[in-house]
Structures are given as structure tokens and as C-alpha cells.
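For reference, the structure discussed in these notes is given below.
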Amino acid sequence: MIPRNLSENQCQNHSEKPTESQNQTKSKVQVGTHFTDPVNLLEQLDLSPEQMQFSPQANQDFQFKVPKAYVDKIQKGNPKDPLLLQIFPVQQELEYKQGYSRDPLAEAQSLFQPGLLQKYDGRALLLVTPACTINCRYCFRRHYPYDDKGHFWTQINNNIQLINQDDSINEVILSGGDPLSLSNERLAALFHSLEAIPHLKRIRIHSRFPVVEPNRIDDEFLEILASSHLQIIMVLHINHTQEIGTDSKVSLEKLHNQKTILLNQSVLLRGVNDDVDILRQLSEILIENHIIPYYLHMLDRVQGSAHFEVSDEDAVQIHQQLRGVLSGYMLPQLVREIAGEKSKFPIYEA
């Protein structure tokens, strides 16, 4: 296990701020334009704030951000568009719900150092950036205090040294934020450091970029993957077939040709994909694009997301019906993550 160099309380209260020079190392890839004004987006989509129950307070609590490449896939004039519902700040986010919290997976308790989590045997999760290219309203880290957790390069290097000291770790998971928010230069340096650890076998990258901003998968990034002696796994986050446009298919084909193992995890979301036909179509298009349907997650109960929750009873019924229309290899596992547990829990019956 990674040495417990900081106590739990020290991890939770860590408030170190990056210096100016450290801020300059937070290099990002600027792939395309983003919408950061929800009202401006609605104008583009021929919708009104009233139709969407827009909440300025919800936007202030969790900043709206969505790339144009994703917006281009949203149907104009449709307030119930499944992509729009995932990213638009609404009044329901302000309703306090019992059983929901700001840290539903108790990640603060899993911190060994700021930015380093180890919940599962053999694996360590490295938070490498607070930045995402898209802010999903149901994100379980929507309240995560990134600025208090040391997400800058000095801390990342310290965490890599801790991983190097623990030969029980054979897989590093790059998370954030979205790891592909880092520049290719930063990613190459990160890969180089991890590849020097003799007991590592795999790097797993969790990213929305290949689907929501596909141009990020450029030749330079593909070369980083190709030159690594470690096995590369990319876990995508695709909730609806509409997210996979022609541009997405191109990026996915490039990753497949690079022999990157592609998995997908979806979140079961009310009003977005809580439908057997939608999920069946999603599994079909995933397989067509060389992606294994891996997990169908129950919602992590983070404050502000309760309006997305699907009941256990409905989820089990949907999954059972899905089992009847899909080949076994196309059926994602229906799971829930429980804070403090060593693995995800399959849900077989409500």
C-alpha cells in the first residue's frame, strides 16, 4: 500500500495554493471553442431560459462549460434533448436531498496524499488536472475542492514517487478533471515518469474527449500512446448514441488502430438514457466502434444531481430487459459504487 504520509485530517485540510510559476505549468490543449454562458447557448438552440428552468445560482455553484463540438450534436428547439439535459444548469440542482452529499464516494477518506487515491488493490488513481472540457451536471466531483488538493506538477511528481515505492501497484488510473486537458508535452512527461516504474503494467485513462471534443485525438497524442511499452486502456464516458457523431467515430478509429483497449462506462440518467431501446442502440454503436460496454452506473448521489436518479427497481427492470435483447458481450454490468468498499457492487435485483 502507498505510505500514509499524511493523516486523513491533514489531507482534508490541505490548502496549499499553486505559485505563479506552478500555474504556468498547467498547460492545456486548446482544441476548440467552448460555450460558458448558458443563455448564449439557448439562443443558439432556439430555446428560452423558461423552457429549460435555467438557474443562475446553479450555474454559479457549478460553472457551465461545453465544447462547440458537443453543442453541434444537440437538436435545436428540443428542451428535452438528452445531450442538453446532461450539461444545462437547472433549478432542480438547488433542491437539498437527504442521502445526497458533496463527497458521495468519500474520496477524502481514500487520499494518501493530495491528488492520489488508492481504493482498490493493485491500482492507484492519480488526479492530474482539475480541468474538464465539459462540465456534466451529475458529476460526482462537481464539489471537489481541487484548489485545496494540490493539483499542480510538483505534487504530481511527489505522488509518482509514492507509486514507485509501492510494488503492489501494477496499474495507474489517470483522472481529474479530464487527463486529456493536459497538453501533449505534459502527457508525454507524465507517461515517461510512469514508464520508469518497473512494477507498472498498465496506464488507464478516463476521458470524455474522444467523443465530446474529438479533435483532441491528434497525431502527437497518438504517438505518445504508440511509443509506450505499457498497456494502454481508455475508459470512455458515453451515455447516449447521439454523442457519437462522425467526428467521434474518426477519433475512436484512430485509438483502435493504435491498439488502445477501449471500454465505456455510462451513467443511468433519468430522462437521458433510462430506456431499453436507447441503451440497446448504445451498445450496438459502441461495438461497431470497437468499444466494450463495460459499466452501467447507478447515479452517484452528489448534491445537485437528484433529478437524474433512476430507482433501483426501474434500473433492474431495464437491465433485465436489456439482457434479453443483447448478446452477453454487449451487456454492461449494472453497478453501484459504495463509499469505502473495495470494489463496485453489481446490482442483480432491487
Quick one: how many residues across the stretch 216-256 are of a type in the set (S, T, N, Q), farther than 25 Å from Leu125 by Cβ and either outside the structural domain of Val128 (by TED's automatic domain parsing) or surrounded by 15 or more Cβ atoms within 10 Å (Cβ to Cβ) (or both)? 3
Filter the stretch 259-307 for residues that are buried (at least 17 other Cβ atoms within 10 Å of the Cβ) and of a type in the set (S, T, N, Q) and give the result. Thr260, Asn264, Gln265, Ser266, Asn273, Ser283, Asn289, Gln303, Ser305
Could you check Ile163 against (1) under 21 Å from Glu253 (Cα atoms); (2) β-branched (Val, Ile, Thr); (3) assigned to a helix (DSSP H, G or I) and say which number it fails? (1)
Counted residues in the stretch 37-63 being in contact with a Lys or Arg (Cβ under 9 Å, 6 or more places away or on another chain) and either small (Gly, Ala, Ser) or buried (at least 16 other Cβ atoms within 10 Å of the Cβ) (or both) come to 4
Evaluate the following for Asn184: is it within 30 Å of Val71 (Cβ to Cβ), modelled with pLDDT of 95 or more and surrounded by 17 or more Cβ atoms within 10 Å (Cβ to Cβ)? yes
Residue count, the stretch 66-105 (criterion: outside any helix (DSSP H, G or I), surrounded by 14 or more Cβ atoms within 10 Å (Cβ to Cβ) and at pLDDT below 95): 7
Can you go through Ile318, Ile278, Ile338 and tell me which one is under 21 Å from the mean Cα position of the chain (by Cα), of a type outside the set (D, E, K, R) and assigned to a helix (DSSP H, G or I)? Ile278
When you check Leu194 against the structure, is it surrounded by 17 or more Cβ atoms within 10 Å (Cβ to Cβ) and without any contact (Cβ under 8 Å) to a residue 40 or more places away in the chain, yes or no? yes
Picking from Ile173, Ile224, Ile217, the residue that is in contact with a strand residue (DSSP E or B) (Cβ under 8 Å, 6 or more places away or on another chain) and at pLDDT 95 or above would be Ile173
Applying the selection to the stretch 218-249, what residues are of a type in the set (A, V, I, L, M, F, W, C) and closer than 18 Å to Ser283 by Cα? Met234, Val235, Leu236, Ile238, Ile244
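The values are calculated or read from the model by the stated rules, or taken from the named source; none is laboratory data. Given the structure is predicted, the values throughout are model-derived calculations rather than measurements. A quick note on method: Cβ atoms are made from the backbone with ideal geometry, for glycine too, and the neighbour counts reach across all protein chains shown.
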